[in-house]
Amino acid sequence: MLRLSRSISFSCLSSKPFYCSLRARLPDRLVSLLLSVLILFAPACSAQGGSDNPFVEPIQTDTGVVVVDYVEFARIPDAGNGLAPRLMHMLATPDGSSLMVSTMQGKLYRLSNDGKSITEFLNIAADRWAIPVQSAGSERGLQSFAFHPQFNEPGSPGYGRFYTYLDTADTDPEPDFESGGSRRSHDTVLLEWTASDPDAAVYEGDAPRELFRAAQPFPNHNGGQVAFNPVAAAGDEDYGLLYIGLADGGSGGDPLGSAQNLGSAFGKILRIDPLGSDSVNQRYGIPPSNPFTNDGDPQTLGEIYAYGVRNPQRFNWDPQTGRMLLADIGQNQVEEISPVTAGANLGWNLWEGSFRYVDRQVSLDSPRSAPGLTWPVAEYDHRDPLWRQRQVAVTGVAVFRGDAIPQLRDKIVFGDNPNGELFYVAADTPANGGQQQIRRILLNDNGTARPFWELVKASSRAQGRDVSEDTDLRFGLGRNGELFLLNKRDGLVRKLLPAGTADH
Ligand SMILES: [Ca+2]
Ligand SMILES: [Ca+2]
Ligand SMILES: [Ca+2]
């Protein structure tokens, strides 16, 4: 009844003067009769307007559940004052000799492959670098990092080079990309570091080189992931090109209209050659194979690989098919996993998931009906019995092929960041979207299958910290398909293992 009355007040009687003049001229009984008639027709009215529950059937939790083992692989040092490190991203070095994990506060830690040795490799926020990492609030900081695929190859142009993508409080320099907004909350910068010895436990090298700077109109929705396509081999067109997620700039609903604007870098997946120099600022290259380099419009940015994204914090590639998949965080209704191809329009802010975006809600009329758009492989909504949090935000994504974890073979694994839930869908089923094929992944905790968030709450409590319901789940990726689970609460890096193999 609550939902019904809300639909009426927002969708049908949004014109207050009409209602007021009606009240003034008609007797009360007639007004209530008219209201009853309106309520009778409310469902149809609601369908014409917006929905805040596009998938009425909840995510299934009683069938297809996969339970895997895990180990507590490493514990990253506290961030000071007893605060947990806000673990954000994790990767293997290209030669697979070690792992690196980053914190939102601006640190990179090098981990041995057994997790037993942990060294602070680089602190970007240290005075020495004079980079005021802006990590205030929940969405800013060191967002991600990437190793050039030649990082470990002496004599190659990419030797020792790695890239960090972060928010800075320094807004003095001229930005390369502006949003058209009147405010400049902070800047997002892409930096290239060159380690003189890629194997050294601690970074040895000069100050970083700034490739580009984007002036952020709002504190939320900033950079996301930077990554080289790990499936590309030397000689492939995609080899050595850096993919960059840049969110729509923030606020809500993309008020600056950036995501659909090919003249704006915001709301895009960009692709650049970090070792090239033919960009406007001459500090990186525009790959000639990028989809919009020859579209004839001088306003169009050649850096754009795909557009119509909202908050593209994490993406990854299917090691078998080479397909790129993005976890794009939705506005108020729909979280999506979507494929990304050259030139693709993923719909935002005209579409949220498979549905037309209408003023913070979605219309259920004619889903997936705009020609030429790219639609989600899988999506889920913000109203579900699984959610314990007000916020819902997709993260991930990893495609399991091979034998690393047989229970997850040929599955796309992703999760919900604040709620700390893990999910999968089959990797090769038709990409029809919706949440009906989404299934849950639980972790074997000494014989009891638990969701990830329960483990994080228990360990936070055991560590004597404030226990938060907000898990802040992120994925870490090993070189051979290993999946690590990160969070911002207990400093623990957990590694998923095949069922029945953990030594509890
Ligand atoms: Ca729902
Ligand atoms: Ca922003
Ligand atoms: Ca979309």
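Each reported figure results from applying straightforward, stated rules to the coordinates on display, with no laboratory input. Treat the numbers as computed from the prediction; the structure is a model and nothing was measured. Please note: Cβ atoms are built from the backbone with ideal geometry, for glycine as well, and neighbour counts cover all protein chains shown.
Give me L364, L122 sorted ascending by neighbouring Cβ count inside 10 Å, so fewest comes first.
Lowest count first: L364, L122.
What Rg and what Dmax come out for segment 260-302 when only alpha-carbon atoms are used, in angstroms?
10.1, 28
Counting alpha carbon pairs within less than 8 Å and at least 6 residues apart, what relative contact order, in whole percent, applies to the chain? Don't skip to the end; give the middle numbers.
Values: 1288 pairs, mean separation 77.1, N = 504.
Relative CO of the chain lands at 15 percent.
Output the 0 to 90 degree angle, nearest 10, between the alpha-carbon long axis of helix 452-462 and the longest principal axis computed from the alpha carbons of the chain.
Computed tilt is about 70 degrees.
Quick one: 3J(HN,Hα) in Hz for segment 71-84, Karplus 6.51/-1.76/1.60 with θ = phi - 60°, rounded, Gly and Pro as x.
Residue by residue, segment 71-84 yields 10, 7, 7, 7, 10, 7, x, 4, 8, x, 6, x, 7, 6 Hz.
Restricting to segment 66-497, what percent of DSSP beta bridges are antiparallel, rounded to 5? Present the calculation step by step, with values, prior to reporting the outcome.
Details: 97 of 102 bridges.
Beta bridges within segment 66-497, antiparallel portion: roughly 95 percent.
Could you rank the peptides 138-146, 339-347, 192-200, 295-303 by their average count of other C-beta atoms within 10 Å per residue, with the highest value first? Mind showing how you got there, number by number?
Details: 138-146: 22.7, 339-347: 19.4, 192-200: 16.8, 295-303: 14.0.
Listed from highest to lowest mean packing, they are 138-146, 339-347, 192-200, 295-303.
When the helix-only estimate is applied to the chain (DSSP H runs of n ≥ 4, each -39,500 (n - 2.57), divided by the residue count), what is the mean residue ellipticity at 222 nm, nearest 500 deg cm²/dmol?
Details: 5 runs with 47 residues, N = 504.
Using -39500 (n - 2.57) per qualifying helix, the result is -2500 deg cm²/dmol.
What is the fewest-to-most order of S279, S117, S179, S102 by other Cβ atoms lying within 10 Å of their Cβ? Before the final figure, lay out the partial values.
Values: S279 18, S117 12, S179 26, S102 31.
Result, fewest neighbours first: S117, S279, S179, S102.
Roughly how big is the chain's charge dipole about its Cα centre, with Cβ charges of +1 (Lys, Arg) and -1 (Asp, Glu), in debye to the nearest 20?
Numbers: 45 positive and 60 negative charges, 364 e Å.
Approximately 1740 debye in magnitude.
How would K268, K116, K411 line up from fewest to most surrounding beta-carbon atoms within 10 angstrom? Write out the running numbers ahead of the final one.
Working: K268 27, K116 9, K411 21.
Neighbour counts put them in this order, fewest first: K116, K411, K268.
When you have a sec, figure out the Kirkwood radius of the chain from all distinct Cα pair distances and drop it here in Å to one decimal?
Working: mean 1/r = 0.0420 Å⁻¹.
About 23.8 Å for the chain.
Amide H neighbours of G396 under 5 Å, at least 5 residues apart or on other chains, H built in the peptide plane: list them.
Placed amide hydrogens put G415, F475 under 5 Å from G396.
Rounded, prolate or oblate, given the Cα gyration tensor of segment 390-504, with a/c below 1.5 counting as rounded? Mind dumping the intermediate values first?
On the way: a/c = 1.95, a/b = 1.34, b/c = 1.45.
It comes out oblate by the Cα gyration axes.
Rank by packing, highest mean first: peptides 245-255, 283-293, 425-435, 478-488, with packing defined as the count of other Cβ atoms within 10 Å averaged across residues. Don't skip to the end; give the middle numbers.
On the way: 245-255: 23.5, 283-293: 18.0, 425-435: 16.4, 478-488: 20.7.
Ranking, from highest mean packing down: 245-255, 478-488, 283-293, 425-435.
Suppose we take every Cα in segment 306-377 and form the convex hull; what volume per residue is that in Å³?
In segment 306-377, the Cα convex hull volume per residue is 78 Å³.
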